[in-house]
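Novice: Take this structure, written in structure tokens, and hold onto it; I'll ask about it next.
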Amino acid sequence: MNIDLKGFTEAYYRKLGGDLETVKRFIRRSAVSCHVGLTTLIVPGENDSEKEMEEEAKWIASVDTDIPLHVTRFFPRYKMEDRQATEVGKVYRLKGRAEKYLKYVYTGNC
């Protein structure tokens, strides 16, 4: 299954109407019984810090270093037209951070 991991701060999840700890529990449970892949859409000014990506990748690795992570470029659409698309270089830098901890990290929309 593919699970969207929107970011790795509780504040960002609350802003989106969710709960990070609930998503983390779901990922842990799912990884025990099936193949899990994760996707994080990198939104400029929201979840695009290298520190946050490093924390996210460390946590994912604590579950299983074989879980693939897709680091995906954001494009302004619908209700989020108030910012530019994620810089391609930023997506690749964040991928590099995640690769310190995870075996399979991919970029998307670049």
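Novice: Can you report the number of residues in region 41-55 which are part of a loop (DSSP other than H, G, I, E, B) and touching a residue at least 40 places away in the same chain (Cβ under 8 Å)?
Specialist: The total comes to 4.
Novice: Okay, moving on. Please enumerate the residues belonging to region 16-65 that are of a type in the set (S, T, N, Q) and closer than 19 Å to Ala85 by Cβ.
Specialist: Thr39, Thr40, Asn47, Ser49
Novice: Quickly run through region 38-63 and pick out the residues that are open to solvent by 60 Å² or more (accessible area, probe 1.4 Å) and of a type outside the set (Gly, Ala, Ser).
Specialist: Leu41, Lys51, Glu55, Lys58
Novice: Which residue pairs have Cβ atoms under 8 Å apart, sit 6 or more places apart or on different chains, and have a first residue in region 56-75 that is assigned to a helix (DSSP H, G or I) and of a type in the set (D, E, K, R) and a second that is at pLDDT 95 or above and open to solvent by 20 Å² or more (accessible area, probe 1.4 Å)?
Specialist: Listed pairs, sorted by first residue: Glu56/Phe8; Lys58/Tyr101.
Novice: Report, ordered by the first and then the second residue, all pairs with beta carbons closer than 8 Å, sequence separation of six or more or different chains, a first member in region 11-40 that is in contact (Cβ under 8 Å) with a residue 60 or more places away in the chain, and a second member that is part of a strand (DSSP E or B).
Specialist: Between residues of region 11-40 that are in contact (Cβ under 8 Å) with a residue 60 or more places away in the chain and residues that are part of a strand (DSSP E or B), the close pairs are Thr39/Asn2; Thr39/Ile3; Thr39/Asp4; Thr39/Leu69; Thr39/His70; Thr39/Thr72; Thr39/Gly108.
Novice: Condition first: under 12 Å from the mean Cα position of the chain (by Cα), part of a loop (DSSP other than H, G, I, E, B) and either surrounded by fewer than 18 Cβ atoms within 10 Å (Cβ to Cβ) or at positive phi (or both). Now tell me which residues in region 8-37 satisfy that.
Specialist: Across region 8-37, the qualifying residue is only Thr9.
Novice: I would also like to ask the following. Kindly provide the set of residues from region 86-102 that are over 15 Å from His70 (Cβ atoms) and either open to solvent by less than 30 Å² (accessible area, probe 1.4 Å) or free of Cβ contacts under 8 Å to residues at least 12 places away in the same chain (or both), ordered by number.
Specialist: Answer for region 86-102, where residues must be over 15 Å from His70 (Cβ atoms) and either open to solvent by less than 30 Å² (accessible area, probe 1.4 Å) or free of Cβ contacts under 8 Å to residues at least 12 places away in the same chain (or both): just Gly89.
Novice: Can you tell me which residues in region 57-110 are out of contact with any strand residue (DSSP E or B) (no Cβ under 8 Å at 6 or more places or on another chain) and small (Gly, Ala, Ser)?
Specialist: Those that are out of contact with any strand residue (DSSP E or B) (no Cβ under 8 Å at 6 or more places or on another chain) and small (Gly, Ala, Ser): Ala61, Ser62, Gly89, Gly96.
The values are calculated or read from the model by the stated rules, or taken from the named source; none is laboratory data. Note that the structure is a prediction, hence the values are computed from the model and not measured. As a convention, Cβ positions derive from the backbone with ideal geometry for all residues, glycine included, and neighbour counts pool all protein chains shown. Calculation scope for accessible area: heavy atoms of the full protein, side chains included, ligands and nucleic acids excluded. Shrake-Rupley method; radii C 1.70, N 1.55, O 1.52, S 1.80 Å.
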